[in-house]
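What follows is one structure encoded as structure tokens, with my remarks underneath.
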């Protein structure tokens, strides 16, 4: 029996490709690292180049905004792991950021402060320990009960700063000394861009370097066995138990990782703002982070970054538009929360899976439509 000779191949959309002609995606994949860590590291390297280009071509005000974006994005990325990958709802991440900020203030305010990288590691470690305690206590809670428990934690932690006012500064807060750029770093930036190093720019570099490291680590966790276990517990706890997975320790691990990210975010916040005060870590901060994760897309680190950017850049833009339209400063500032709420409602109605989920569905629809229009019923291309 004769074997038919295959004269053409098909690409992912179903269109025929002449034999020997490489597909575009295959050409791209050929140049990418084979390991998951290598691909993520390449993306982080590209992101680092983009950060340098943006920070060196923007004003000091924009640099300060990008510094603010960095610690919001770090906390939102950690919350994405907890809520998007493991299915736990937390309203206490603002309090966890307070733990990191106050730890940073105590370390930098001590005699002979340790190196900055050690301060960040210690702040993350201390907050991770707090996350273990809170996560173990809440590991058997689900849905609104877990949200209520973390809400109580968010309300209680800022009160500790008032109770221990002699150490933590009380209502006025604790002043934090921001680090200065080392001479070698300032010289390197001047060599690359011919720009002087300012304080706001250096703080933005600290925040974004921390953010890129966090994204690299979380992306590899999510793509590996740990991420698969988190998703298994989120999707079906009974099936996960039948597969030999213990949901309790898995939830505690997710809460611990998320708390460490919140502690890092709090440390960067304290360095950027130069203050750790109870008024900066209210329930409003926790709700804002949860909103950013939902708007960007649950379970997506890219969505966490987009949601944090919306949280940082949308209110000032709306305020400026209101002022330009003739509104008073107070009225323009009050317009910003209204517009943010409208954007949130529109995203929930039009893209329930967030901005990233909506873009993915749109792209998939375009690809499917292109495949149907370019291929006939017998598998051959239409002329």
Arrange 231, 361 by Cβ neighbour counts within 10 Å, fewest through most, would you? 361, 231
Suppose each label sits 7 Å from its Cα in the direction of the beta carbon; what would the residue 52-residue 287 distance come out to in nanometres? 4.2 nm
Would you look at the GNM of the chain, springs on alpha carbons closer than 10 Å, and say which of 220, 63, 320 moves the most? 320
Order by neighbour count: 230, 363, fewest other Cβ atoms within 10 Å first, most last. 363, 230
Report the extension gain between residue 279 and residue 317 in nm, rounded to one decimal, defined as 0.36 nm multiplied by the number of residues separating them, less their alpha carbon distance. 11.3 nm
Multiply the residue separation of residue 188 and residue 121 by 0.36 nm, subtract the distance between their alpha-carbon atoms, and state the gained length in nm to one decimal. 21.7 nm
Computed, not fitted: 222 nm per-residue ellipticity of the chain from DSSP H runs ≥ 4 (each -39500 (n - 2.57)), nearest 500, equal to -24000 deg cm²/dmol
What does the highest-first list of 337-347, 120-130 look like by mean Cβ count within 10 Å? 120-130, 337-347
Whole number please: convex hull volume per residue, Cα atoms of region 224-265, in Å³. 61 Å³
Compactness check, region 87-186: C-alpha Rg relative to the 2.2 N^0.38 Å globular estimate gives 1.26
Which whole-angstrom value gives the distance between the alpha carbon centres of region 75-140 and region 180-226? 20 Å
What's the whole-number percent of alpha carbon pairs in the chain lying beyond 34 angstrom? 37 percent
Order of 168, 327 - criterion: other Cβ atoms within 10 Å of each residue's Cβ, fewest first: 327, 168
Comparing 96, 82, 212 in a Gaussian network model of the chain (Cα, 10 Å), the one with the largest mean-square fluctuation is 212
Quick one: among 109, 329, 94, which has the greatest mean-square fluctuation in a GNM of the chain with alpha-carbon springs under 10 angstrom? 329
Relative contact order (percent, whole number), the chain, Cα cutoff 8 Å, 6+ residue spacing: 29 percent
Rounded, prolate or oblate: which fits region 170-249, taking a ≥ b ≥ c as square roots of the Cα gyration tensor eigenvalues, rounded meaning a/c under 1.5, else prolate when a/b beats b/c? oblate
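Where a number appears in this text, it was derived from the coordinates with a stated rule and is not lab data. Keep in mind it's a predicted model, so treat the numbers as computed, not measured. So basically every Cβ, Gly included, is an ideal-geometry build from the backbone, and we count neighbours across all protein chains shown.
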